[in-house]
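**Q** This is the structure I want to talk about, given as C-alpha cells.
Just so it is clear, none of the values below were taken in a lab; they were calculated from the coordinates. These figures come from a predicted structure and were not determined experimentally. Reconstructed Cβ throughout: ideal geometry from the backbone, glycine too, with neighbour counts over all protein chains shown.
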Amino acid sequence: MKHIQSVYSLPALLLSTSTVCASTYFDSNPYDIKKVYTSSKITVESNESIVPLTVITDQDIERFGIQSFEQLFLLIPQLNVAFDGTGIDVSNNISTLEPLRMQVLIDGVVAYGTGVLEMHWEKLPISVSQIQRVEVVHSPSSSVYGSNAFENVINIITKKPQSIGDQFRYIERGFERRLFGHLLINNLYNEDDASNFHHNTGLSIDYVDSDGYDHLSSPWDKLSLKARSVMMIGDHQTLDLTLAYTEMNTKHWDSSWEGQAPNNSSEDWAFRLNYENQISERSLIKIITSADVQKESMKMNAYFNPLLFLDETRVVAEKYGLGIDDIGDIASLPVTPELIAFAQQYALWLGLGSPVYNMDAALKNNTERYYTGFDYLYNISDQLTFSISSNARYENYDTDFAKEKDSVYQLNHATELAYHSLDHDLIIQAAVMAERIKDYDYEAPYRLGFNAGLTSSVRVRGSYDTSYRWPSPYERLGLLNIPIVSAEDNPFNIGGGSSFAFYQQANNTHLKPESVSSTKIGLIVDTPGWGRGYSDSVFEITAYHNDYDDLILGTINLGNSYLSNDGSMYRIGLDTSLIGEYENLFYRLGASWAQDSNHAFTSDIQDNFEENVENYGVSSALAYVINDVTLRGKYFWRYIPDQANRTMYGTGVSYKGIQDAELSLDAQYITNSKNWSASFDNRPDELIISAELVFDF
C-alpha cells in the first residue's frame, strides 16, 4: 500500500512540514487533480472519498471544448440536463422543485438562497473560463452542507488570478457571443524579497449576448465585472477578497404565458472574504464571510381574460377548488347562488364580444443574503483528523411574489471525524450536522462511511447518509401576485390594485421537512497501467438505494396553492465511469441507470403513478492530442420513458501552434430536439457551430 500523509487543506499541505515562502505557495497548483475538496470538509485523495463524486478539471474543460454550463454537465450521466428558456435546468429528476434539493456552491459558499425556486446558471457571476474544477457529490450531504444538500452537492472551484494570468477569450457560438478578459496585477516574487505581504490581484470582464434558442425567441445578455485579490500575510495566513457586479437582461420564455415573454432585469452585487490561518503544524482555521444583494425587476405586457379578476370568479374557484384552466368546466358544476352570480358576469363578457384585456405589470424581487462561518480542522494524530464548522445565513426579502416572506435565517453546526490507517488500508469517517431554520426545530442528519484498500489498486467504499430539506418560505407562504398597473376599455372596472391569480395565496405552514436515507456501495480500480500505453486509468462502479419520505408534491402556480407532504418513493441505481488516457488519447466514459418506485416526485394525478420509472444516461468524451492539435468528440444520451429522450453529438478541434494563442472550432448536433425537455415544448438549434479564440498576453 502507498503511504500518504493525511492532508486536510491546501495550506496544511504546503505548511505542515516546513515554512514555505510566498513564491512556493503562489506557484504551486492549488487544486491537485488527485484530491477532492467537497465530499467532506477534510480533504482526501479522490479514490479515498467514502462517497462517490465526479470531478471535472480545467484540463478537461480545455481538452473537450467545454464552453458553457450545459456542455459541462452533459459530461455527467447521473444529471438530467434540459433547456429552460434562457438557460438550462440541471436536476436528478427527483422532484419538480429540483434546485431546492441540490446545494450549489462557488468556492464553498452557497450560490443561491433558500427562498429561490430556480438555479439560473447563466446568472452566476462566473464563466467557464474561470473554473479550476467542478466537483459533484453523488450522495445526500446535509450532514456536511445543510438543508439544500438533500440530494447532492455541486461545488464550482474558481481559478485564482495567478492561474488565469493576462487573457482575452472570445466565443462565437451559434446564437450567442461570449467575451472574457482578465488582467493580472501582482508584485513579483523572488527569493530575496523580505516583505511579509504578497498579493495577486485580477480584474475581469465577462459579457454574453445571446439571441436565445430559435424556437423560444428568448434573447438575453449578461455583464459581469469582478476584482479578486489573493494575499499572503507572512508564511501562515492567506486572505482571498472578491468584489463582483453582474447585470442581466432576459426575455424569459414560459409556457404559462403562451409566448408572452416577460422582460426581466437584475443587478447583483457580491462581496466575499476568505481567511485562512495555519495556526500550528496540526491545525487550520478558515473563516468565510459573504454578502450578496440582488435587485431584480420584471415587466410584462400580456393579454388576459378579465373574468380572472372578478370576485364572482374568485368565490367559485375557491368553493370548487378550480384552477385557472378550469373555466371551461364550470358548466358541469351544480347550480348554486355563487355559480349564478358568475354566470351573469360570464354572459356580460360574451355580450361584449369576449374582450381580452391588455395588462402592463411590473414586479420586484429583491433579496439580500449574508453568510458567515468558520471551519476548524485539527490533525489529532497521523491517523485521526477532527473537523468542526459553524455557519449562519440570513436572507431578507422585498418581493411581490411572497406575502409575509420578509426574512429567513439558517444555522448549522457540523462535526466530522476521520480515521486513516498508516498505510491507508482503511478509512472510517463520521459526520453529523445540527441545523435549524426559522420556524423549525433542529434536525440532525448524519453520515457513516468507510473506504478500504483490498489491493494496491482496488478499493471498496460504502456509506449511509440521512438528509433533510426544510420547506422554503415561498412554499410555505408564497403568493403569485401580479399587480395590474393599467388596463384599457374597462367595463369590469379592473385596474390598479387588482392582481393576477389573486386567490393563490399559499398557507402551507403545515409542511414538515422532507427526508431521505441513502445506502451506497462502490468499487474503485485505480491502475497506472492496463497494458502497454495505458496510464492513470480509474474505473468506478457504485450501487445505491435511496428512500425518500415526506416529499412535497407539486408547486405553487396559477392553478394550485396547496402543497402536501404526501410524496414517498425509493430509487435504486447503478453508476459506472472510466476515466484515463491511452498514449495521447484522453477519455471520460460514464453510464447511469436508476429505477424509481413511482411518480411521487410529480403528483398522484398521473395515470401511471404506481408504475416504476426508469432513468438511463450515457456520456462519453474523447480527446486525442497530437503536438499542438487536439481532436475531440462527445456523446450524450438521456432517456426517461414518457418524459425525455435526448441525444447530443459533439466534435471539435483546437490548435495551439500560434504563439500565445489558441484557436478552437466545435459543432454540437441534437438529433431529437423536440423531446429535449419534458417541461417545455421547446428545443435548441439542432446544429450549433462555435469558434473560440484564446489569447494569453
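**Q** Report the label-to-label distance for LEU223 and ILE287 in nanometres (one decimal), using points 7 Å from each Cα along the Cα→Cβ vector.
**A** Roughly 3.6 nm, to one decimal.
**Q** While we're on this one: Given a Förster distance of 30 angstrom, what is the FRET efficiency for SER407 paired with ASP311, based on the Cβ-Cβ distance and rounded to 0.05?
**A** Between SER407 and ASP311 the formula returns 0.40.
**Q** Follow-up. Sorted from fewest to most neighbouring beta carbons within 10 Å, what does the list VAL613, VAL109 look like?
**A** The fewest-first ordering by Cβ neighbours comes to VAL109, VAL613.
**Q** Between SER597 and LYS299, 0.36 nm times their residue separation minus their Cα-Cα distance comes to what?
**A** Length gained, SER597 through LYS299: 103.1 nm.
**Q** How many nm is it between the label spots at TYR170 and LEU663, if each spot is 7 Å from the Cα in line with the beta carbon?
**A** Computed distance between label sites TYR170 and LEU663 equals 1.3 nm.
**Q** Turning to a different aspect of this structure: Subtract the Cα-Cα distance of ILE572 and ILE185 from 0.36 nm times their separation in residues, and report this length gain in nm to one decimal.
**A** Contour length minus Cα-Cα distance gives 134.2 nm.
**Q** Average the reciprocal distances over every distinct pair of alpha-carbons in the stretch 263-417, invert the result, and give the Kirkwood radius in Å.
**A** Across the stretch 263-417, the inverse of the average 1/r is 21.1 Å.
**Q** Please compute the length gained on full extension between THR651 and TYR440, using 0.36 nm multiplied by the number of residues separating them and subtracting their Cα-Cα distance.
**A** Separation in residues times 0.36 nm, less the Cα-Cα distance, equals 70.9 nm.
**Q** Continuing with the same structure: Just to verify a number: FRET efficiency for TRP269 and GLN344, C-beta to C-beta distance, R0 = 35 Å, to 0.05?
**A** According to the calculation, E is roughly 0.10.
**Q** Would you mind checking LYS226/LYS656; LYS160/LYS286; LYS286/LYS438 for any pair whose Cα atoms are more than 19 angstrom apart?
**A** Long pairs (Cα-Cα over 19 Å): LYS226/LYS656; LYS286/LYS438.
**Q** Name the lysines eligible as straight-distance cross-link partners of LYS251: C-alpha to C-alpha under 16 Å, and not fewer than 8 places from it in the same chain.
**A** By straight Cα distance, LYS251 reaches LYS123, LYS222, LYS299, LYS364.
**Q** Going by C-beta contacts inside 10 Å, put LYS319, LYS520, LYS286 in order with the fewest on the left.
**A** Neighbour counts put them in this order, fewest first: LYS319, LYS286, LYS520.
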